[in-house]
Ligand SMILES: Nc1ncnc2c1ncn2[C@@H]1O[C@H](COP(=O)(O)OP(=O)(O)O)[C@@H](O)[C@H]1O
Ligand SMILES: [Mg+2]
């Protein structure tokens, strides 16, 4: 349903992604893993149409979305849980969620969506009047996930949800992601935490220095010595 | 000093404070949400004041009708100015220079059309005062005050409770993320600029109603209005209202208790002490 082909992205003259082709099918949970600086966030921002493509194309549900605005991309059904949460920190939890359903068609489902995300994160209902910037990192991550869900997306882009969280929170966040996925959501999960991502993903890409260097099922990637050695944090067998 | 005089001076301070808030609100909103320090706000206020004079004193139009067409007119003009600011990519500091240029041009225009002589709008509407106990309450001031408070509270409500208000606050904090959720920042910026223009027109009507007009008078408002806006916290209508009232009443007390010449020092003293006590509010 989401398909990028031969995408190249650059910051000024400095290229950050070369010839990247990835796709996410309906209902899939796909991971893109890679070390810091690999270009993961660049890819997320490109898919959200915050960065222009220098080369290549992107299609969403068969429509060419290579040249559209972020507003239009969101309207097609992409929601982003950005790296570092990027909440509207001076606004309350519920105001952040309201921004999630800012678009008219998602606004119509506001009450229903609110009930759903509060069921997923009961703590957010309790804290709905709290200024989001004053919450803990884990709770902020919940707000970021809930805000994205409020837009009732077709595909969820999740950029480094584990960043800066305590290990126990990381496990919780991954559980939530799996739960959302089991509900039928198509998810593109971008992570540095390779092991945890491969645990939950159905398919994965490895990105390094702006290039895709491997693609496959998690078990297959784990069995490839050059991948396991370089990215999984243990020596090849 | 008797209590009656003190009460009367508190009242007149509240009234001036309401006007400060009304005049400062548009400035505060465009500073916070557009990152534009719009000095031409003052020129717009005075242009509106002169147009009110023209319509009411010369063309004999009912003064209550004047805002009904001045506000939409100024909304459009201010939105067009914002389009130009976007087109030329003018930033916060550039905006001071550019809008000061506009101010000077408008001042020259006012002088050309209406001369530098003082003009006083004489109207039968809102004349005289009501007596409240021992206090004398001028109708015009009381009406202005009501409008100012209503406007500030209304603006607060819009920012706090509507989707557009939330979108404005979200957009100023993180435009990229806001855009993914569908916020159209250019449209919003035209709306904010237009509203600030409409507020300038509204304020201008009251300037014409309450003061004798001369073009250069617009500069005398800079100090007290900027002090009010900065103290109120940018983009906070209730903050602007409270700050305006605080400045107005303090000025009024300084005049009554010390000497009239002390009044201009008050807003700055207040502003500096507040910024020292609560830094990082801007
Ligand atoms: N705004 C930017 N301007 C210039 N270069 C950038 C910018 N953002 C990221 N980069 C560069 O692009 C490369 C990929 O960065 P990023 O996508 O953030 O990696 P990751 O998310 O995988 O850690 C890095 O070399 C980084 O320095
Ligand atoms: Mg990143």
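No lab work stands behind these numbers, since they all come straight from the coordinates. Bear in mind the structure is a predicted one, so any value in this text is a computation, not a measurement. Positions of Cβ are generated from backbone atoms using ideal geometry, with glycine treated the same way; all protein chains shown enter the neighbour counts.
Taking label points 7 Å from Cα along the Cα-to-Cβ direction, residue A:90 and residue A:171 give a separation of 3.9 nm.
Give the Debye-formula value of log10 I(q)/I(0) at each listed q (0.11 Å⁻¹), with one equal scatterer per alpha carbon of the protein assembly as shown, two decimals each. The computed values of log10 I(q)/I(0) come out as -0.95. Across B:62, B:38, B:174, mean-square fluctuation computed from a Gaussian network of chain B (C-alpha pairs under 10 Å connected) peaks at B:174.
Relative contact order of chain A, taken over Cα pairs closer than 8 Å and 6 or more residues apart, is 27 percent. The angle between the Cα long axis of helix A:110-120 and the longest principal axis of the Cα atoms of chain A comes to about 70 degrees, rounded to the nearest 10.
Helix B:265-277 and the long axis of chain B differ in direction by around 50°, with both axes built from C-alpha atoms. Model label sites at residue A:54 and residue A:111, defined 7 Å from Cα along the beta-carbon direction, differ in position by 5.1 nm. Springs join every pair of Cα atoms under 10 Å in this Gaussian network model of chain A, and among A:217, A:148, A:38 the largest mean-square fluctuation is at A:217. Values of log10 I(q)/I(0) for the stretch B:3-277 across q = 0.09, 0.11 Å⁻¹ run -0.42, -0.63, by the Debye formula with one identical scatterer at each alpha carbon and no solvent. Within the listed set B:124, B:91, B:141, the residue fluctuating most in the Gaussian network model of chain B (springs between alpha-carbon atoms under 10 angstrom) is B:124.
FRET efficiency for residue A:230 and residue B:216, Cβ-Cβ distance as r, R0 = 56 Å, nearest 0.05?
Efficiency at R0 = 56 Å is approximately 0.15.
Would you give the gap between the C-alpha center of the stretch B:236-271 and the C-alpha center of the stretch B:59-110, rounded to a whole Å? Each part's Cα centre sits 28 Å from the other's. Distance between the pseudo-spin-label points of residue B:91 and residue A:23 (7 Å out from Cα toward the beta carbon): 4.4 nm. Computed from Cα atoms, the angle from the helix B:139-161 axis to the main principal axis of chain B rounds to 20 degrees. Relative contact order for chain B: 40 percent, from Cα pairs under 8 Å spaced at least 6 residues apart, divided by residue count.
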